[in-house]
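Novice: If you scroll down you'll find the structure; I have some questions about it.
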Amino acid sequence: MTSFGVADEIWQQAVIAQLGKVQHTSNLYYTSPDAQLAKLLCEKTGMKKVFFSNSGAESNECAIKAARKWAAENKGAEYSTIITLVNSFHGRTVSTLAATGQDHFHQLFQPLTPGFVHTPANDLAAFEALAGTCKPAAVMIECVQGEGGVMALEQDFVRGLAEYAKKENILLIVDEVQTGNGRTGALYSYMNYGVQPDIVSTAKGLGGGLPLGATLLGEKVENTLGPGDHGSTFGGNPVCCAGALSILERLNDDLMADVRAKSKLAFEMFQNAPGVESVSGMGLMIGIKPVKPAREVVLKCIERGVLCLTAKNKVRLLPALNIPTETFQKALEILREVCAE
Ligand SMILES: *Cc1c(COP(=O)(O)O)cnc(C)c1O
């Protein structure tokens, strides 16, 4: 899940250089790496402000807090509901579990934070019907559902949802924790859909393996959170941010084209491959549904030196974005053999 794999040299140098300067400050102060990273994130996305935290769940917590405060101030306190999708995954804190649209994650941890409702993916009419009655502050989506089975949402659904949200003054939050930072062949996955979210949350690939979450706030909500509303002791840690800056600077158009080319290779190799039912996903976030149980395929691949994981009944691939094509192809060949056995 790290953007440039294990012990990437440029990232290492950035981290080590920052460690030699200052490793932490009180959150009363800005540091140079977090200011530079926030600036670059805004330049690359058109968002206005950034709040740094330590994880994906926390980046969503900040998104939820910003949405609720904005709605209370602009629509009325009763507009507190957050709509998310069935099969979504938004984290493991008590509130982001409530946001997660999968019952089996909820069972042992009741009661969860109230005010979250779920609507099926790719059903615009169902979304509009729910949004019309539930007094929503925001709708939160992953453009490609990761834990939910590597399912890319349909273009028309995402565009229709974004249009409806804009018209009805409902904030659009895109959870880019897994899909972000080049993973889908665009810097952020929403860019593949031509929509403009009000809030973007991200983490995973951003820190290069060190803990870092970011919540990007657009025009509508840029001034919503004020001093004392939200905070984090280690969020925006300068060592994490220095490493992240060295990653974000390299997520350029050439690399994105390379990600898309490697994605195409994978799709071609697994469409109609023996023992494979389907291939899904976007960019280098790929789900392969084998005829055999996915777990069995993953274990056999590990024996043969290929590390992959599962998502529901699929084998999930999230290689480093800069994986050499030859290495990737070799890994895909092994996976294809295991599926066909
Ligand atoms: C992993 C993930 C999270 C949670 O991130 P953590 O860093 O584990 O808290 C949230 N949303 C999505 C879409 C994820 O894939």
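The values are calculated or read from the model by the stated rules, or taken from the named source; none is laboratory data. Computed from a predicted model, the values in this text were never measured in an experiment. Cβ: placed from backbone, ideal geometry, glycine included. Neighbour counts: every protein chain shown.
Novice: For Ile10, indicate whether it is within 16 Å of Asp175 (Cβ to Cβ), among the hydrophobic types (A, V, I, L, M, F, W, C) and surrounded by 14 or more Cβ atoms within 10 Å (Cβ to Cβ). If you could, list the steps in order and put the result at the bottom.
Specialist: On the way: within 16 Å of Asp175 (Cβ to Cβ): no; among the hydrophobic types (A, V, I, L, M, F, W, C): yes; surrounded by 14 or more Cβ atoms within 10 Å (Cβ to Cβ): yes.
Considered against the rule, which asks whether it is within 16 Å of Asp175 (Cβ to Cβ), among the hydrophobic types (A, V, I, L, M, F, W, C) and surrounded by 14 or more Cβ atoms within 10 Å (Cβ to Cβ), Ile10 comes out as no.
Novice: Moving on to the next point. If a residue must be within 13 Å of the ligand (Cβ to nearest atom), in a strand (DSSP E or B) and buried (at least 23 other Cβ atoms within 10 Å of the Cβ), how many such residues does the range 124-151 contain?
Specialist: Matching residues across the range 124-151 total 4.
Novice: Counting only residues that are away from the ligand (no atom under 15 Å from the Cβ) and either crowded, with 18+ Cβ neighbours inside 10 Å or in a helix (DSSP H, G or I) (or both), how many does the range 53-105 have?
Specialist: Within the range 53-105, the first condition is being away from the ligand (no atom under 15 Å from the Cβ), and the residues that meet it are 65-81, 83, 103-104.
This time we only want the ones that are either crowded, with 18+ Cβ neighbours inside 10 Å or in a helix (DSSP H, G or I) (or both), so: 65-74, 79-81, 83, 103-104.
Counting residues in the range 53-105 that are away from the ligand (no atom under 15 Å from the Cβ) and either crowded, with 18+ Cβ neighbours inside 10 Å or in a helix (DSSP H, G or I) (or both) gives 16.
Novice: Of all residues in the range 165-181, which are in contact with a Leu (Cβ under 7 Å, 6 or more places away or on another chain) and more than 15 Å from the ligand (Cβ to nearest atom)?
Specialist: Correct list: Ala165 only.
Novice: A further question follows. Would a scan of the range 39-52 turn up a residue that is within 16 Å of the ligand (Cβ to nearest atom), touching a strand residue (DSSP E or B) at 6+ places or on another chain (Cβ under 8 Å) and either touching a residue at least 40 places away in the same chain (Cβ under 8 Å) or not in a strand (DSSP E or B) (or both)?
Specialist: Step one: filter the range 39-52 for residues within 16 Å of the ligand (Cβ to nearest atom), giving 51-52.
So of that shortlist, the ones also touching a strand residue (DSSP E or B) at 6+ places or on another chain (Cβ under 8 Å) come out as 51-52.
Of the ones still in play, those that are also either touching a residue at least 40 places away in the same chain (Cβ under 8 Å) or not in a strand (DSSP E or B) (or both) are 51-52.
Yes, the range 39-52 contains at least one residue that is within 16 Å of the ligand (Cβ to nearest atom), touching a strand residue (DSSP E or B) at 6+ places or on another chain (Cβ under 8 Å) and either touching a residue at least 40 places away in the same chain (Cβ under 8 Å) or not in a strand (DSSP E or B) (or both).
Novice: Let me ask another. Taking the condition among the polar types (S, T, N, Q) and at positive phi, does Asn252 pass?
Specialist: no
Novice: Starting from residues that are of a type in the set (Ser, Thr, Tyr) and farther than 19 Å from Gly56 by Cα, keep the ones in the range 155-209 and report whichever is surrounded by the most Cβ atoms within 10 Å (Cβ to Cβ).
Specialist: Tyr193
Novice: Next question, about the same structure. Here are the criteria: (1) crowded, with 23+ Cβ neighbours inside 10 Å; (2) closer than 30 Å to Glu9 by Cα; (3) more than 16 Å from the ligand (Cβ to nearest atom). Tell me which single one Thr215 does not satisfy.
Specialist: (3)
Novice: When you scan the range 242-258, do you find a residue that is touching a Leu at 6+ places or on another chain (Cβ under 9 Å), modelled with pLDDT of 95 or more and within 25 Å of Asp156 (Cβ to Cβ), even just one?
Specialist: Checked against the condition, which is being touching a Leu at 6+ places or on another chain (Cβ under 9 Å), modelled with pLDDT of 95 or more and within 25 Å of Asp156 (Cβ to Cβ), the range 242-258 yields at least one hit.
Novice: Quick check on the range 13-52: of everything there that is surrounded by fewer than 22 Cβ atoms within 10 Å (Cβ to Cβ) and charged (D, E, K, R), which residue is nearest to Glu219 (Cα to Cα)?
Specialist: Ranking the qualifying residues of the range 13-52, first place goes to Lys48.
Novice: Does Val158 satisfy the criteria of being farther than 19 Å from Arg316 by Cβ, of a type in the set (A, V, I, L, M) and within 11 Å of the ligand (Cβ to nearest atom)?
Specialist: no
Novice: Checking the structure you have, find out if any residue of the range 115-123 is surrounded by 14 or more Cβ atoms within 10 Å (Cβ to Cβ), among the polar types (S, T, N, Q) and within 15 Å of the ligand (Cβ to nearest atom).
Specialist: No, the range 115-123 contains no residue that is surrounded by 14 or more Cβ atoms within 10 Å (Cβ to Cβ), among the polar types (S, T, N, Q) and within 15 Å of the ligand (Cβ to nearest atom).
Each row is one residue, and each column tells you yes or no for (1) aromatic (Phe, Trp, Tyr); (2) under 14 Å from Gly149 (Cα atoms).
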| position | (1), (2) |
| --- | --- |
| Gly275 | no, no |
| Val279 | no, yes |
| Lys289 | no, yes |
| Lys292 | no, no |
| Pro319 | no, no |
| Phe328 | yes, no |
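Novice: Among what's in the range 257-304 and is in a helix (DSSP H, G or I) and in contact with a Cys (Cβ under 7 Å, 6 or more places away or on another chain), pick the residue that is nearest to Tyr188 (Cα to Cα).
Specialist: Filtering first and then ranking leaves Val298.
Novice: Where residues in the range 21-38 are at pLDDT 95 or above and either in contact with a Gly (Cβ under 7 Å, 6 or more places away or on another chain) or of a type in the set (Lys, Arg) (or both), which of them is farthest from the ligand (Cβ to nearest atom)?
Specialist: Just the residues of the range 21-38 that are at pLDDT 95 or above, to begin with: 21-25, 31-38.
Restricting the remaining residues to those that are either in contact with a Gly (Cβ under 7 Å, 6 or more places away or on another chain) or of a type in the set (Lys, Arg) (or both) gives 21, 34.
Details: Lys21: 26, Asp34: 18 Å.
Among them, the one singled out is Lys21.
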